[in-house]
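Reading through the structure tokens given below for one structure.
The values are calculated or read from the model by the stated rules, or taken from the named source; none is laboratory data. Only a predicted model underlies this, so the values are computations on that prediction, with no experimental measurement involved. We place every Cβ from the backbone using ideal geometry, glycine too, and count neighbours over all the protein chains shown. Note: accessible area is taken over every heavy atom of the protein model, side chains too, but ligands, DNA and RNA are not part of it. Shrake-Rupley method; radii C 1.70, N 1.55, O 1.52, S 1.80 Å.
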Amino acid sequence: MVKTEPLHAQLYQLIKKRLIDGFYQPGERLVEVRLAEEFSVSRAPVREALRMLMQDGLLLQKGNALHVFDPTLQDMIDIYQCRQRLEALGANLAAANMKEEKLNHLKEIMIETKVAWETGDMVKVVSLNISFHEIVLESSGNQQLISLTSMIRDKVTYLRNCSFKGNVRNKSFLEEHEQIVKALGERDGEKAEREMHNHIENDLQALISLYKNRG
């Protein structure tokens, strides 16, 4: 723990990382007193950290118990519909605001992603995919949009790591990334928005298929 940062904020970040990384299982119950004992702290900062995670939607209260978010199919659709609208807008804005160095960074990420895919490193593929989308959003220049997408991005990462164990769809997403970058390079906002919208729709349909076929 870092003394200069409030204890509850440190616990919030630590438990959130555990949640997003799949340390806890969807639906698993988290007990305040056990967490306090594990981290050797009082219950008050743990309680505040858990409250913050409830606001993020990563924990849900059922009666007097707290459980890890266990998304239904409709939850997943709702999350992706929000993501689709916001990130499509972000791509539109990024077409006008993206700096050349960021555009080159996206191209480098695409090359790295292809290599990771070919070598079967799916963990790296997912990580690079997250970086790709973060750069596009950051390049929108709209701080309110970036803030709004933060919670959704955490839930999307949670879905991949916890509900689908890092599964990604076929390599067609690489071609979609190329089309997005092409539109950004052409400074064509409408095309970038359309390509991002279609890309996330394809992501959603792939996840729906995984959801229905999982054991």
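Annotations
- Cα gyration tensor shape for the range 95-173, rounded if a/c is under 1.5, else prolate or oblate: oblate
- Treating r as the C-beta distance of Gln25 and Glu134 and R0 as 25 Å, the FRET efficiency rounds to 0.40.
- Recomputing Cα Rg over 2.2 N^0.38 Å from the coordinates shown identifies the correct label among (i) 1.18; (ii) 1.10; (iii) 0.93 as (ii).
- With R₀ set to 22 Å, the beta-carbon distance separating Tyr211 from Val115 gives a calculated FRET efficiency near 0.15.
- Between helix 73-97 and the chain: long-axis angle, C-alpha atoms, 0 to 90°, nearest 10: 50 degrees
- Carbon/sulfur fraction of accessible area - the chain, other protein chains in place, 1.4 Å, %: 49 percent
- Computed E for Asp70/Glu201 - FRET, C-beta separation, R0 22 angstrom, nearest 0.05: 0.35
- Residue among Gln61, Asn97, Ile79 farthest towards the positive dipole end of the range 38-120, charges placed on Cβ: Gln61
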